[in-house]
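A short write-up of the structure that comes next.
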Amino acid sequence: MKVYPVITVPKGQFIVIDGFLVKLGADERESGEMFLRDARNLLTFEGWNILRNSYYPNALIKLKEIRSNFYLTDNPSFFNLLRNKISVIFIKNQGRFYCRRVDSGKSTHQALSIKVGDKGQRVKYVVYDKPINKLDYSADELYVQQNQDLEQVKPILFKNTPPMVKVDKENPILDNILFVPENKLSKLKHYPIRKTHLRQIEREEDEKRLATLWELKEKLLRICFESCFWQLERLRSKCHRKDLLGKFEDCKDQIKINLLDINNAYFPLLIQEWFRAFPTLTKINDNYGIVDKFVIDLPAKCIVDPETINLSLKERVFLQEQNTIDWSAFKLLRGPIPIHNTVLFDHVNWELRRFSKDHQGHISILEDINENFADSNSIACRCIAVNLKEFGIMYLYESVDDKGAFYRHQLPPQSFKLPRDVGDKKHNKLMRNLSFFVSYGGLRTLYIKTFEQFKSIHSKTD
């Protein structure tokens, strides 16, 4: 999923999206704030280096220099974010396409008009490539022309590219950059964007998820109760001794106590295990694959930037559908980063490194793996080193969870008891079956089995 940086400076709040530096909440009079040249005046030198090296917004230079009077984008977030959209069509003249502003009733696409040139004397258009009103309109020829134009202006783009400077990832400016995921960007209604707004969206999403999980938890418990009492009646029908029939009624309270406790103790753990099912390798081609949002160079056995690999058009489209990690945001993270998916370590080179955790919970890498550490807060584990060039080395380490946390040692009171010997073989067996059925272990087995059936039904409907 794409992640966009939001930068707050005295002149306002800006977001880098689809290669443009955009002022949030700007009106038409402030359209000049979208120009790349303003970025250096808006940000400190360190801030500019971070922005340039990770999210270099050069789309306006492209729009200015290409021969076409339009620049196509497939990013809906860019258009959802900005107001003052206009209606346009494309016309073809002497073998080339041109964009023209028209009334909304005649249009095929939405666009933004931007003044370019040293004095803003020319108007060009940033156009969303999806036609309006579900029109059957292919943008293939438009993209062919755009790609040819971009190829011709590569020397100019290269000339305007500032030199790469090593980024200090401990720079406090990183603390003042908000990283907004694409799925949250469309839900933001007010500017400036603040951390409290993002947390509010997360809370609302969590509340919806919790409501769904609570409904599933209650439904699972109800089904388990119904199944238990049905099976209890089935066992009771096999009992032909009046002196034992009361035992079947007496055990109902114990069933309720155990199932309520099992539901509270095991439902969160089962849900956690369900959603942490590790994805396996998805192949793009013989050379590249995807594991847990990371793109892997299979022959070299290393993690790579998905934007730097050579793929066919079909493979590139497939890659875009896989929701891989946003490499620009990944470069700015402060590592080391825990990795729960052990499958990733099966496909890339790794080394054994030692990590320590301080009293605030911060993880740091230790230099000597062989040194004898008495500190219980250090641990040796598998580690993947990712070379981010001017952003340094990012370490991913294998996170080892406490599997023993799955088991519950303190059980509720087991007050219901059955006699071991009731005088005949048939009813002794029946009482043993009833004893297991009422026990915490027996009901836990039933509960987990019912949960697995839920998972199976869900998987078939996906």
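Among strands (runs of 3 or more DSSP E) entirely within segment 67-111, having at least 2 residues that are over 20 Å from residue 147 (Cβ atoms), in the same structural domain as residue 15 (by TED's automatic domain parsing) and charged (D, E, K, R) singles out 96-101. How many residues does segment 344-376 contain that are among the β-branched types (Val, Ile, Thr) and at pLDDT 85 or above? Here the count works out to 1. Among residues of segment 263-275 that are surrounded by 13 or more Cβ atoms within 10 Å (Cβ to Cβ), those with a Cβ under 7 angstrom from a residue that is outside any helix (DSSP H, G or I), sequence gap 6+ or separate chain, pair up as 265/408. Only one entry of 259, 244, 216 meets the criterion of being of a type outside the set (Val, Ile, Thr), more than 29 Å from the chain's Cα centre (by Cα), at pLDDT 80 or above and farther than 30 Å from residue 330 by Cα, and that entry is 259. Within segment 133-177, if we keep just the residues that are at pLDDT below 70 and farther than 30 Å from residue 336 by Cα, the residue that is surrounded by the fewest Cβ atoms within 10 Å (Cβ to Cβ) turns out to be 134. Residue check, residue 67 against (1) charged (D, E, K, R); (2) under 34 Å from the mean Cα position of the chain (by Cα); (3) at pLDDT 90 or above, all met but one. Which one? It is condition (2) that residue 67 fails. Is one or more of the residues making up segment 116-126 modelled with pLDDT under 90, of a type in the set (S, T, N, Q) and farther than 27 Å from residue 2 by Cα? Scanning segment 116-126, I find at least one residue that is modelled with pLDDT under 90, of a type in the set (S, T, N, Q) and farther than 27 Å from residue 2 by Cα, so the answer is yes. Residues in segment 393-441 that are under 30 Å from residue 350 (Cα atoms), modelled with pLDDT of 70 or more and not small (Gly, Ala, Ser): 393, 394, 395, 396, 397, 398.
The values are calculated or read from the model by the stated rules, or taken from the named source; none is laboratory data. None of the values given here were measured: they were computed from a predicted structure. Positions of Cβ are generated from backbone atoms using ideal geometry, with glycine treated the same way; all protein chains shown enter the neighbour counts.
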